[in-house]
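One structure is given here, and the rest of the page talks about it.
The values are calculated or read from the model by the stated rules, or taken from the named source; none is laboratory data. Because the structure is a prediction, the values reported are computed rather than measured. Cβ: placed from backbone, ideal geometry, glycine included. Neighbour counts: every protein chain shown. Protein only, heavy atoms only, side chains kept; ligands, DNA and RNA dropped before computing areas. Shrake-Rupley method; radii C 1.70, N 1.55, O 1.52, S 1.80 Å.
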Amino acid sequence: MPVRDVIQDMYTTKHLGFPVVDRGVLVGMVTLADVHRIPPLDREAMQVRDIMTREVITLPPGAPVMDALRIMSVRDIGRIPVVESDQIWGSSPRRTSSR
């Protein structure tokens, strides 16, 4: 997917990060922070795979919510994909206040 398309999806859905899946397997995460690391002129020629974070922290479906909250707080990340047997089940988003 082109980076410009994921930027549009971020603004449309108001989600600032998405899991990147290849043939059903989680291969990375792309966030607004990843996008901002790339100069605007370069974004037009780039694909999500070029800018995504490849080392993704994941949790299994049965992990306690407190584990997810602790990890997100310590690592300053906005979501943790829930993965079992290389298949993504969902993600645990961190809610932030707009105030």
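The figures follow:
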read-out: Residue pairs meeting the criteria (Cβ under 6 Å; at least 6 apart or on separate chains; first within 13 Å of V6 (Cα to Cα) and touching a residue at least 12 places away in the same chain (Cβ under 8 Å), in the range 38-50; second open to solvent by 80 Å² or more (accessible area, probe 1.4 Å) and not hydroxyl-bearing (S, T, Y)); value: V48/M1
read-out: Tally, over the range 51-82, of residues that are in a loop (DSSP other than H, G, I, E, B) and small (G, A, S); value: 3
read-out: Within the range 26-75, considering residues that are of a type in the set (A, V, I, L, M) and loosely packed, with under 12 Cβ neighbours inside 10 Å, the one nearest to D9 (Cα to Cα); value: A45
read-out: Qualifying residue in the range 13-20 (condition: open to solvent by 70 Å² or more (accessible area, probe 1.4 Å), among the polar types (S, T, N, Q) and out of contact with any strand residue (DSSP E or B) (no Cβ under 9 Å at 6 or more places or on another chain)); value: no
read-out: Residue within the range 21-38 that is farther than 23 Å from W89 by Cα and part of a strand (DSSP E or B) present; value: no
read-out: Sole exception among (1) surrounded by 14 or more Cβ atoms within 10 Å (Cβ to Cβ); (2) among the small types (G, A, S); (3) in contact with an Asp or Glu (Cβ under 9 Å, 6 or more places away or on another chain) for G78, by number; value: (3)
